[in-house]
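The values are calculated or read from the model by the stated rules, or taken from the named source; none is laboratory data. Note that this is a predicted model, so its numbers are computed, not measured. Here the Cβ positions follow ideal geometry from the backbone for every residue, glycine too, while neighbour counts run over all protein chains shown. Heads up: the accessible areas ignore ligands, DNA and RNA and are worked out on the full protein's heavy atoms, side chains in. Shrake-Rupley method; radii C 1.70, N 1.55, O 1.52, S 1.80 Å.
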Amino acid sequence: TQQKQSPWLDFIRRSALKDGGLKRYVEEDGIRGVTANPTIFAQAIGAGDDYDEQIANLLGQGVAPRDMFERIAFDDICDAADILRPVYEASGGSDGFVSIEVSPEKAFDTQASIDEATRWWNTLKRPNIMVKIPGTTEGIPAIEECTAAGVNINITLLFAIGFYEQSIEAYLRGL
């Protein structure tokens, strides 16, 4: 952080949330944020038994597999955001974020991206949450609308300068 860099973890694991691992990364190693997406959660869920009890409970409640992902993700994202909240507060809101991605299935559907980003934001109710919106043609209006609505966003999957420029313009219009 002395060089104005903000190292983020590109993974999330329930065990690190519960056993103090993430807190140690933040306090001792200077981690300033965490990013997650469906692939990261799939790896975490498949890597051990951290999620077995919650999955069994959700199955017992009749929760559909697609909805299970969100319930699991909601819990872990909230826990990670709470751990990073002191970083967010101490930095005046410039660090300490946890980011979750709009489903890649929605990357080419503007309204679906807006709806999901807004739902994540409204459900998680943490000021240090960011929702990643893909920098696709369809994502550009979602970037603008979500920014205007006050949803913390970041833009992912930018592979061309033109999309980068369009994303910046959409963000500025949204402000």
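Quick one: accessible area per residue over segment 93-175, 1.4 Å probe, rounded to a whole number of Å²?
Computed with neighbouring chains in place, this is 47 Å² per residue.
Overall, the accessible surface of the chain at a probe of 1.4 angstrom is composed of carbon and sulfur to the extent of 51 percent. The P(r) of the chain has a tail past 28 Å containing 25 percent of all C-alpha pairs. Here GLU169 and ARG85 are evaluated by their C-beta separation; at R0 = 22 Å the FRET efficiency comes out at 0.10. Considering only ARG119, ARG85, ARG14, the Gaussian network model of the chain with Cα springs below 10 Å gives its largest mean-square fluctuation to ARG119.
How far apart, in nanometres, would the label points at ALA160 and ARG66 be if each is projected 7 angstrom from Cα along the Cα-to-Cβ direction? So the label points at ALA160 and ARG66 sit 3.0 nm apart. When the chain is treated as a Gaussian network with alpha carbon springs shorter than 10 Å, the biggest mean-square fluctuation among GLN111, GLN61, GLN43 belongs to GLN61. Lysine pair count for the chain with Cα-Cα distance under 27 Å and sequence separation of 8 or more or different chains is 8. Of all the options VAL131, VAL63, VAL87, the one that moves most in a Gaussian network model of the chain with Cα springs shorter than 10 angstrom is VAL63.
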